[in-house]
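> Questions regarding the structure given below will be posed in turn.
Derivation of every value follows stated rules applied to the coordinates shown; laboratory data play no part. Owing to the predicted nature of the structure, the values given are computational and were not obtained by experimental measurement. When we count neighbours, we look across all protein chains shown, and the Cβ atoms used for this are built from the backbone with ideal geometry, even at glycine.
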Amino acid sequence: MSQNNSHRPIPSATSGAVDPRFEAMWPTDYLEPFMMRADPLADRIMDLLYAEGRADAAKAAAQGQTDPPPATYRPRRVLQFLTYLINQMAIPDPELEHPFPGSDYTLSPEVREALRTYLREGQKLPPWADMDLITEAQQLFSDNPIVAYVLLAAISLPVLYTCGRGGIQVLALTQQLVDKVRRRVIETGTLIINAMQKDAFTKLPDEGTSDMKNPLPIGVEGILRVRMLHAATRTVIYEFWQDGVRDRAKDPSSVRKYQGVAADKMWSADWGKPIHQQYMAGTLMTFSYITIYGLAQLGVDTNDRQKKAYMHYWNVFGYITGIEEEMLLKLDFPLTQKAVYENGKPVHAASGEEMYQAGKVLYTQMMELNRSRDAASIAAGRALTKGVIDYCTDVLTRRLAIGKVFNMSYVPRILMTTMLSDDDRELLGVKSTLFEKLTIPLWLAAFWIRGLFAKAAGKPANLIANLLLKLMQQDIAEVYVELQKKGGVRYPGIPMEFQQKWGLVKN
């Protein structure tokens, strides 16, 4: 991003000038190499598993096997691991001889040790983590339940659907466009809620609530599971694609298909690696910077200390998810771009606004660099956005009596119209009807109400959020009931501290 463009409107979700000091931190030539950088700690496990599959494929070929074709063995170990992560909602325990239910497969010593290393190192917090700031961020979340699912569905997920260059393609290849939207929204919201519990990064689970011999802190296990999901997905897509390129060079008839797409056509070298560091860092901003922005849109003011705490919390979260510390230090210490300590304690000298601005510029750069520009990516982004709208509409229609007579699709569309920029809405195909255009000013005015009403009844945003959370709580439970049919799935539920705070149970 060149300095002479620093005052143009930001095309994605927000608008206004950016501070040249922070703009200089994220030039294009700095960010683009991160497209080829992924997550060595988690990828090590998947690389070993894929190597096992290649060895099995070579053995089958040497034996003259043709049914199934030897190439089908290549991704099977990674896919087996990925299936466990998805269906069991857990991480395979390296201390079990047979970690996969219904299978006598045993992890090799190399894979087992790589998994142990991952779990041991992955749960460590960065040395610059400030527990006081983390606690304050969790308090901000607890005080504003609108963040839990409403902002997630209305802005945090949709803005990511504007990203091509491999971003939307990963979702398409993993069949996230239509049939898995419900689970994607619920699982992402559940991950955030569990990581926002008090002491989530340090407290071990209660006895009997974890199947692991060496359990992880209550908010860390879910993050590390998602980190492994990313690694497994990255490995399957990238290696399958490279195998396809090699197979076509040898024998075009031997090229396999993945989700109906020829292996050598499913990815592009121009996209870097799937779920690369640049994309992960930009995604992190949709949960930190964009959340603060979204709260402001709905009349929830955050002071400088709250901005600082919330940005810091998500930087620590990003560290656990495997985002490189180099980028996180720029976000957490934007004035020095390196950690500063005094008597062994990190000194976060930047203001909350400065951290917010640093995140805003990174978000803007990531969105501009990865914005969908081809017809296929735009169509995929629109399909996914429609899936979110349809899911929210379905929940409201099924759960509310008024939903039987009122078109509930107005609600998610009004929310998205309130949150997203004109450019984003056009790209995602979110159309505003005349009714919505007339309603939105009244909607925003309600959220900005101050004085006696707000003091007597609380923030309008949270009143609406509590209603929607009660509806979502029923839907979340149904999703986990479906998952429990597979066996071995634990339903974490919404932590009791939030259920009581948000009025989801009687105190």
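> Hey, what's the Kirkwood Rh for the chain if you take every pair of different alpha carbons, in angstrom?
This gives a value of 24.0 Å.
> Here is a follow-up. How high is the relative contact order of the chain, given as a whole-number percent (alpha carbon pairs under 8 Å, six or more residues apart)?
Relative contact order comes out at 23 percent.
> Still on this structure, please answer the following. Largest first and to the nearest Å, give the Cα extent of the range 218-365 along each principal axis.
For the range 218-365, the Cα spread along each principal axis is 62, 40, 32 Å.
> Tally Lys and Arg at +1 and Asp and Glu at -1 over the other residues with C-beta under 13 Å from the C-beta of Val347: what net charge comes out?
Here the count lands on -1.
> Moving on. Where the centre of each part is set by its Cα atoms, how far does the range 264-321 sit from the range 178-201, in angstrom?
Between the Cα centres of the range 264-321 and the range 178-201 lies a distance of 15 Å.
> Provide, for q = 0.23, 0.24, 0.30, 0.33 Å⁻¹, the log10 of I(q)/I(0) from a solvent-free Debye sum over equal Cα point scatterers in the range 241-285.
-0.76, -0.79, -0.99, -1.09
> Whole angstrom only: what separates the Cα centroid of the range 68-86 from the Cα centroid of the range 355-402?
About 30 Å separates the Cα centre of the range 68-86 from the one of the range 355-402.
> Percentage of Cα-Cα pair distances in the range 116-168 greater than 15 Å, rounded to whole percent?
The proportion of pairs with Cα distances above 15 Å equals 70 percent.
> Okay, moving on. For the range 14-152, which semi-axes, largest first and in whole Å, follow from the square roots of 5 times the eigenvalues of its Cα gyration tensor?
40, 23, 16
> Please state the equivalent ellipsoid semi-axes for the range 157-302: what are the square roots of 5 times the Cα gyration tensor eigenvalues, largest first, in whole Å?
After diagonalising the Cα gyration tensor, the semi-axes are 34, 22, 13 Å.
> Calculate the tail of P(r) for the range 81-143: the fraction of all Cα-Cα distances greater than 14 Å, expressed in %.
Of all Cα-Cα pairs in the range 81-143, 69 percent lie more than 14 Å apart.
> Another question, then. Test of the criteria: in the range 58-142, which trypsin sites (Lys or Arg not before Pro) are in a DSSP loop and have at most 16 other Cβ atoms within 10 angstrom of their Cβ?
Lys124
> Exposed loop chymotrypsin sites (Phe, Trp or Tyr not before Pro) only (DSSP loop, at most 16 other Cβ atoms within 10 Å): please give the longest stretch of the chain free of them, not including the sites.
106-405
> Taking only C-alpha pairs under 8 Å that are 6+ residues apart, what is the relative contact order of the range 295-432 in percent?
18 percent
> Pairs to check: Lys180/Lys470; Lys360/Lys386; Lys180/Lys501; Lys124/Lys345. Give those whose C-alpha atoms are more than 20 Å from each other in this structure.
Lys180/Lys470; Lys360/Lys386; Lys180/Lys501
> State, to one decimal in nm², a quarter of the convex hull surface area for the C-alpha atoms of the range 209-275, i.e. the direction-averaged projected area.
Answer in nm², one decimal: 6.6.
> While we're here: Quick one: pull the percentage of alpha-carbon pairs in the range 111-204 with a separation above 21 Å.
More than 21 Å apart: 53 percent of the Cα pairs in the range 111-204.
> Moving on. Report the net charge of residues surrounding Pro495, where surrounding means a beta-carbon distance below 13 angstrom and charges are Lys +1, Arg +1, Asp -1, Glu -1.
Taking every Cβ under 13 Å from that of Pro495, the sum is 0.
> Let me ask you something else. Grab the other residues whose beta carbon is less than 11 angstrom from that of Asp264, score K and R as +1, D and E as -1, and report the net.
+3
> Kirkwood Rh and Cα-based Rg: tell me the resulting Rg over Rh for the range 363-438, rounded to two decimals.
Taking Rg over the Kirkwood Rh, I get 1.04.
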